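Read the structure below first, then the notes.
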Amino acid sequence: MAIESSPTFSESSIDRSMILWIMKRIGNPNISIRLWNGDEFPVTDAHPVACMEFRERRAVFELLRSPSLGFGECYTDGLIEIRGDMLAFANEITRAITDKNDSGYYGPKIRSLLHAIRVNSLNRSRKNVRHHYDLGNDFYRLWLDERMVYTCAYYETRAATLAEAQVAKLDHVCRKLQLRPGQKVIEAGCGWGALAIHMAEHYGVDVIAYNNSREQVAFARERAATKNLDGRVTFVEDDYRNVDQRCDAFVSVGMLEHVGLASFRTLGALVKRCLKPEGFGLIHSIGRSFPDRTDPWIVKHIFPGGHIPSMSEMMRVFEPHKFSILDVENLRPHYARTCASWLQNFEAVADEVADMYDEEFVRMWRVYLAGSSAGFQSGTLQLYQVVFTPRGNNKVPWTREYQYAGTSGKR
């Protein structure tokens, strides 16, 4: 009697070995794995925080090709499922990868430089912005706060809501800029206009705000008109490089990540032309603690043309033009919580989003929001606010007292 071989056992062993090799490559996260045939096994001896289910063998080869692209695309397409809490899974995966890649500096720095060679032209910048921000105001309205603030919130207390923390962030920025009634402010990359409107309404300044997104500018203009601020706030649908006026304060919140490293010096030159000798500037940007390229899945599917800079790379905006750096604050924990709140809001309206787009879109944004929160939680990502002024300006605060509510800065 012939003895039949057992290809199933052999294939299962190979599949398991390949997956465990991938897990080792990304730092052996404390998760379990479930295969398409029902087999399940843990990656480590620790209790798994979630289960990663491979629904088809093809997903294994996609992860072998590129863990980041492979996971993001396979999850979006339904080839991979996460059983358990998505944010807990993202936190554990990101922690493992961060710990695994803790050594090494020059390799990531070279990758960052090579990735950043490409210049974002005016036309490319417009396309990049519209890829993400012109998805429709109705989409973002579903899960952002009522002011449509899509940048890191500032939680002054642990009990603060997302909406309260976003208003606190607006005030935190305004105090750092030391705004006074009658001043002129230029904002580059104004989103849906929350900061520009807040500055005009509560600090009595005149604002010219630039943005490449048609959808966002239309929303901002309508909101300013309903508050009778359209004479105090001007929203311009144009690239920041076309700013041509002088100002007392220059502010950019969440735009630097889209500028591209090759254009940082150009941005600095523009600020130098615009900012008066006794003016103040603030740039608020996602950052890194060391140079590296932006995640390839994020660049391909979420933020084309984006580059997340290290602090040394951010200095390309300031040092060539001899600005004085007055203050640097890192709000990393605040952004981890902000993204987690967005994810919670997004999950609550996921069915509506699927009706607007499709299930693949929902899954893609779930990965993006969970991964972003995990990036800040792990320290892979930072959130920098840099306050600066032209060198030689001696009308600067003696202390940081002016930055906090209920105090006044003394010069």
Connecting every pair of Cα atoms under 10 Å apart in the chain and solving the GNM, the largest mean-square fluctuation among Lys276, Lys300, Lys184 falls on Lys300
Rounded to the nearest 0.05, FRET efficiency between Val349 and Trp36 (Cβ-Cβ, R0 30 Å) equals 0.45
Please compare each pair in Lys169/Lys272; Lys272/Lys395; Lys169/Lys300 to a cut-off of 21 Å on the Cα-Cα distance and tell me which ones are over it.
Lys169/Lys272; Lys169/Lys300
Cβ-derived FRET efficiency at R0 41 Å, Ser66 paired with Thr234, nearest 0.05:
0.40
Arg265-Thr399 pseudo-label distance in nm [points 7 Å out on the Cα-to-Cβ vector]
4.1 nm
Note to self, the chain gives a 222 nm [θ] from helices alone (DSSP H runs n ≥ 4, -39500 (n - 2.57) apiece, / all residues, nearest 500) of -14500 deg cm²/dmol
Compute a Gaussian network model of the chain, connecting alpha carbons closer than 10 Å, and tell me which residue from Leu20, Leu331, Leu343 fluctuates the most.
Leu20
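Taken together, the values in this text are just the output of simple stated rules run on the coordinates, not laboratory data. Given the structure is predicted, the values throughout are model-derived calculations rather than measurements. Glycine also receives a Cβ, built like all others from the backbone with ideal geometry; neighbour counts cover every protein chain displayed.
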